[in-house]
1. Taking amide hydrogens as modeled 1.01 Å from N in the peptide plane, which residues meet the under 5 Å criterion relative to ALA47, leaving out close sequence neighbours?
2. For LYS102, go through the aspartates and glutamates and keep the ones whose alpha-carbon is under 12 Å away, minus same-chain ones fewer than eight residues off.
3. Relative to the present Cα-Cα distance, how much length would full extension add between GLU78 and ASP23 at 0.36 nm per residue of separation?
4. How much length is gained if the chain between SER43 and LEU4 is pulled fully straight, taking 0.36 nm per residue apart and subtracting their Cα-Cα distance, in nm to one decimal?
5. Please give the calculated 222 nm ellipticity per residue for the chain, where each DSSP H segment of at least 4 residues contributes -39500 (n - 2.57) and the sum is spread over every residue; nearest 500 deg cm²/dmol?
6. Tell me which aspartates and glutamates have Cα within less than 12 Å of LYS86's Cα, excluding those fewer than 8 residues away on the same chain?
7. Kindly identify the chain as rounded, prolate or oblate by the Cα gyration tensor criterion: order the square roots of the eigenvalues as a ≥ b ≥ c, call it rounded if a/c is under 1.5, otherwise compare a/b with b/c, prolate if a/b is larger, else oblate.
8. Using the Karplus curve 6.51 cos²θ - 1.76 cosθ + 1.60 with θ = phi - 60°, work out ³J(HN,Hα) for each residue of the range 89-105 in order, rounded to whole Hz, and write x for Gly and Pro.
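Where a number appears in this text, it was derived from the coordinates with a stated rule and is not lab data. Bear in mind the structure is a predicted one, so any value in this text is a computation, not a measurement.
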Amino acid sequence: MSKLDDVLTKCKDQMTKQGIEIDETLLTNIAKALGPSIYNADSLVVATGDEGEMQTVKNWITKKLGVEAGADMDACLERCTEKIGKSNTQKLRPVFYYIVTKDLGKESVFA
């Protein structure tokens, strides 16, 4: 099993536990777009309580999804944090970005 497969398995497990429908192609494409950062234990996880981390997420949304920062993005991030679980301390980055992508209707970016 490759490193990517290992990460995707963890992501699918988290999504299943949270009741999130899995589009495997979308999840795989998002994980690949994140590059080698997903193979580092620290950068694999999104710390939604950390302002610097959330700025990194916002930058990714702007760069990859073409959505400008503002109230709509902030509301999206709040919805996504709720969906993955506020108390979940292991918010896997590919899963979080998958939820954001779906919430914003930007799946076509990864087609």
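1. Amide H to amide H, under 5 Å and 5 or more residues apart or across chains, ALA47 pairs with nothing.
2. Straight-line reach from LYS102, under 12 Å: GLU21, ASP23.
3. The span from GLU78 to ASP23 would gain 17.6 nm if fully extended.
4. Extending this stretch completely gives an extra 12.6 nm.
5. After summing the helix terms and dividing by residue count, I get -17000 deg cm²/dmol.
6. Straight-line reach from LYS86, under 12 Å: GLU78.
7. Numbers: a/c = 1.39, a/b = 1.27, b/c = 1.10.
Rounded is the answer for the chain, as its axis ratio a/c remains below 1.5.
8. 8, 10, 6, 5, 4, x, 5, 4, 5, 4, 4, 4, 4, 5, 4, 8, x
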